[in-house]
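Here the structure is laid out as structure tokens; the discussion comes afterwards.
The values are calculated or read from the model by the stated rules, or taken from the named source; none is laboratory data. All values derive from a computational prediction rather than experimental measurement. Counting neighbours? That spans all protein chains shown, and the Cβs are built from the backbone with ideal geometry, glycine included.
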Amino acid sequence: MKDSGNTESFVRQLTENQPRLYGYVYSLIGDHNKASDVLLETNLTLWRKLDQFEHDKPFLPWAFSIARFQVMASIRDQGRDRMLLDPELVDLLSGEVERGAERLENVRLSLRECLQSLAPKNRQLIEHRYFRGLPIGKIAETAERSVSAIKTSIMRIRRELAKCVERKLEGPSIS
Amino acid sequence: MEEFESLFFDWESGSLDEDGLARLRQLLRSNEEARSYFVQQQMIGAALRLDFDAGLESLTPEASSGETLTTRTDSKDERTTVSATQQPSGPSIVRLWAVAAGMLICGLTARMVYLENSNARVVTESTVSQPETETPREATSDGIALLTRTVDIRWADGTRTPQTGDALTPGKLAIDEGYAQIEFFCGATVVVEGPAELDLKSSTLARVHRGKFRAQVPPAARGFSLEVDDMTVVDLGTEFGLDVSPGATNVQVFDGEVELRSNLHSKQLLTAGDAIERTNAGAIKTTSTTPDDFVDIAGLETRVGGERQARLLRWQTWSKRLRRDPRLIAYYSFDQSGVWQRKLLSSVEPADRELDGAIVGAARVDGRWQEKSALEFKRPGDRVRVNVPGEYGSLTFACWVKIDSLDRWYNSLFLTDAYNQGEPHWQILDTGQLFFSVRHKADSDKKNPTPTHQPVLSPVFWKPSMSGRWMHLATTYDAGSGLIRHYLDGEQLHEESIDPALVVNTTRIGAASIGNWSIPTRPDERFAIRNLNGSFDEFAIFSAALTADEIQEMYANGKP
């Protein structure tokens, strides 16, 4: 039976954990469009399996396991040649991705600070590439730099951001 | 690793060929470092995307200069239009929230309201089918009127229940009993007496189904209209009454002129002293005005005054009892009379003058009731300094606060100086989320870093339409289990247990500030400046995690 207390608890957890589930699915799928689709499927599956949900048990591990199943199904459908990760790699990475996704909210907070600490020029590169989704070629063209120079810059900035986020998450961090 | 990074970059940009893909897989399989890098970068990719969807990219102000790039691209190639330049690959995650919203429609309740707020974009069914037509996510209030006063109000079951001070959006309002004063943005003020039912249409128009209304329309708001069935009452700068009952509609003009428009009787002008009654059949007869039957603004003020006195008295009685609660660590009722002398007196009994706070900058203003004061914090320096000695375990923070806007990245409710071991920080993020954390340990070992504390965030509870409204906020921290609960107006917003490894058993406060941060741990402006833009009227800290019932009681007894 879907008793209302359990249902409410389920919906709350599902809602609150959307970003974490998105982080999990996106990490394994690597494409925002497909990841959105897979998360939709995951939400629907979780909803259909509401009967199996016990509100005093941790929600995330259960949700991750169902998300992983959906990721696998998506990889099967797409065909291995189109996706980076194959089922074997998903299994290999899944644990680490779960741990990463669990702390995604903190990553977001830290990242906001880290973006601030970038030089404006670098921040703009990240904006163009990841917020606006401009192709590398376009960015290079506008900046009047070569594609490989842009690539080197973005790779360096992403390394910098990753380090900064790690430092904030683990060092004397945000308060 | 360099090879991996380069391949990863190409893969992400969609330019990696078959051989590259195979090589990337091989590296992922064989190299642990590569896997860590991969997961880390993918999380950052997800985080960027989520923030983009939440409309948070504006956090990087200079980024708007990106528009120059968009423009230049456009001028070079007309075909490079909006879809290519503005939206990153694909539909937004709004669709995901929409699914959960669908579940809401399946008949779920209450808490889901926060879903709507948890993302800056509004979730509607239409977003499922048209994710691409999402409109911009400015935090504008789409209100058309303000609810400025209520007396003994009881909203009809199953309809919206706005609070005094709320902006009202178009839609139905249904009152079972009591009075409401609605100020339309055009300048017209309407006093509604229940039972009443109306549809707010725009800042100049409402449709009335039943109830008694008295409208005061200053010249600037001329043209304000109320619709009843096929009849429209257009105000030409005046004061009029409208009584809509199942049998008949009564229009009375107390001052100035009103124009009646309807299909049957094209136009009719009523002037001061005129009154008509229209039956459902459409017959119109002249009657006389009875202005005393319609409560006007002044009359409502008298009633409001009576109700306000009663509420103030209830709060004062409750507050007097609270002062002796042995669990109180600090309590400021903001109820001192006479000259304040820049001191915020501690209300804990027996009195301890060491707990008095020092007011810096903040100005004294009217509180929840005009008979009592509050402190308004506006400028970056405004604060109340307190010093709370001792060591504690569990904690509860509670306050009545009015937020004008969330200007800072972190907006302080209560922050200890710096952020040392065992110290709590209670604040609101610019996203409108309540934030609580206790520092678990001092800076971690640089070689083997581990987290120093775990922040617990509520869903988004504040939005600009709540600006200027008094609300009750509370957060409880159980030092045994690490369970943290956030409350708004007596209702739980969120609960979360922090990682057992980060639970703090011994808490302490010491020197601290209400509404600001006195000793930031880092100099950069965005991080360090945390003054609240708003007012406080009552602030309490307890050495225990209060129960949900106790928080509810605090709200019920202090509600203005």
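Give segment B:294-316 a look and list any residue that's touching a residue at least 24 places away in the same chain (Cβ under 8 Å) and of a type in the set (A, V, I, L, M, F, W, C), or say none.
B:Phe294, B:Val295, B:Ile297, B:Leu300, B:Val304, B:Leu312, B:Trp315
Checking B:Glu496 against (1) at pLDDT 95 or above; (2) closer than 22 Å to A:Glu8 by Cβ; (3) in a strand (DSSP E or B), which single condition isn't satisfied?
(1)
Give the residues of segment A:80-97 that are in a helix (DSSP H, G or I), facing another protein chain (nearest Cβ under 8 Å) and charged (D, E, K, R), sorted by residue number.
A:Glu88, A:Glu96
Looking at (1) facing another protein chain (nearest Cβ under 10 Å); (2) surrounded by fewer than 19 Cβ atoms within 10 Å (Cβ to Cβ), which is the one condition that is false for A:Ile136?
If we test A:Ile136 against (1) facing another protein chain (nearest Cβ under 10 Å); (2) surrounded by fewer than 19 Cβ atoms within 10 Å (Cβ to Cβ), just (2) comes out false.
Would you list the strands (runs of 3 or more DSSP E) that sit entirely within segment B:371-417 and hold 3 or more residues that are in contact with a helix residue (DSSP H, G or I) (Cβ under 8 Å, 6 or more places away or on another chain) and buried (at least 19 other Cβ atoms within 10 Å of the Cβ)?
The strands (runs of 3 or more DSSP E) meeting that bar are B:395-405.
Against the condition away from every other protein chain (no Cβ under 11 Å) and touching a helix residue (DSSP H, G or I) at 6+ places or on another chain (Cβ under 9 Å), how does B:Val365 come out, does it pass?
Against the criterion (away from every other protein chain (no Cβ under 11 Å) and touching a helix residue (DSSP H, G or I) at 6+ places or on another chain (Cβ under 9 Å)), B:Val365 does not qualify.
Give me the pairs, please: first residue somewhere in segment A:136-148 and farther than 17 Å from B:Asp10 by Cβ, second residue anywhere and among the hydrophobic types (A, V, I, L, M, F, W, C) and assigned to a helix (DSSP H, G or I), beta-carbon distance under 6 Å, and either six or more positions apart or on two chains.
Matching pairs, first to second residue: A:Thr142/B:Leu69.
Scanning for something of a type in the set (Val, Ile, Thr), at pLDDT below 90, in contact with an Asp or Glu (Cβ under 6 Å, 6 or more places away or on another chain) and over 30 Å from A:Leu40 (Cα atoms), does segment B:134-144 turn up at least one residue?
no
Please go through (1) modelled with pLDDT of 85 or more; (2) more than 29 Å from the chain's Cα centre (by Cα); (3) assigned to a helix (DSSP H, G or I) for B:Ala351 and return the number of the only condition it doesn't satisfy.
(3)
Taking segment A:98-124 as the region of interest, how many residues are part of a helix (DSSP H, G or I), more than 26 Å from A:Ser153 (Cα to Cα) and facing another protein chain (nearest Cβ under 9 Å)?
Selection size over segment A:98-124: 3.
Could you check how many residues of segment B:323-348 are out of contact with any helix residue (DSSP H, G or I) (no Cβ under 8 Å at 6 or more places or on another chain), assigned to a loop (DSSP other than H, G, I, E, B) and in contact (Cβ under 8 Å) with a residue 40 or more places away in the chain?
Of the residues in segment B:323-348, 3 are out of contact with any helix residue (DSSP H, G or I) (no Cβ under 8 Å at 6 or more places or on another chain), assigned to a loop (DSSP other than H, G, I, E, B) and in contact (Cβ under 8 Å) with a residue 40 or more places away in the chain.
So how many residues does segment B:1-37 have that are of a type in the set (A, V, I, L, M, F, W, C), closer than 23 Å to A:Glu166 by Cβ and not in a helix (DSSP H, G or I)?
Selection size over segment B:1-37: 1.
Restricted to segment B:496-518, and to residues that are of a type in the set (A, V, I, L, M, F, W, C) and within 15 Å of B:Leu413 (Cα to Cα), which residue is surrounded by the fewest Cβ atoms within 10 Å (Cβ to Cβ)?
Step by step, filter segment B:496-518, then rank; the result is B:Ala511.
Among the residues that make up segment B:447-456, is at least one of them at positive phi and within 21 Å of the chain's Cα centre (by Cα)?
Checking segment B:447-456: not a single residue is at positive phi and within 21 Å of the chain's Cα centre (by Cα).
May I ask you to say which residue of A:Glu166, A:Glu170, A:Glu105, A:Glu144 is more than 17 Å from B:Val39 (Cα to Cα), modelled with pLDDT under 90 and charged (D, E, K, R)?
After applying the criteria, what remains is A:Glu144.
Where in segment A:1-50 are the helices (runs of 4 or more DSSP H), entirely inside, with at least 3 residues that are farther than 30 Å from B:Phe8 by Cα?
Those helices (runs of 4 or more DSSP H) span A:4-16, A:32-48.
Considering segment A:53-63 alone, what residues qualify as being more than 14 Å from every other protein chain (Cβ to nearest Cβ) and surrounded by 14 or more Cβ atoms within 10 Å (Cβ to Cβ)?
Within segment A:53-63, just A:Trp62 meets the criteria.
Residue under question is B:Lys172, and the condition is that it be more than 22 Å from B:Ser467 (Cβ to Cβ) and surrounded by fewer than 16 Cβ atoms within 10 Å (Cβ to Cβ); does it hold?
The answer is yes for B:Lys172.
B:Tyr477 passes all but one of (1) out of contact with any strand residue (DSSP E or B) (no Cβ under 7 Å at 6 or more places or on another chain); (2) away from chain A (no Cβ under 14 Å); which number fails?
Every condition holds for B:Tyr477 apart from (1).
Let's see how each residue does on (1) closer than 30 Å to A:Cys164 by Cα; (2) part of a strand (DSSP E or B); (3) at pLDDT 90 or above:
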site: B:Ser437; (1), (2), (3): yes, yes, yes
site: B:Lys446; (1), (2), (3): yes, no, no
site: B:Ser458; (1), (2), (3): yes, yes, yes
site: B:His486; (1), (2), (3): yes, yes, yes
site: B:Ala501; (1), (2), (3): yes, no, no
site: B:Asn505; (1), (2), (3): yes, no, yes
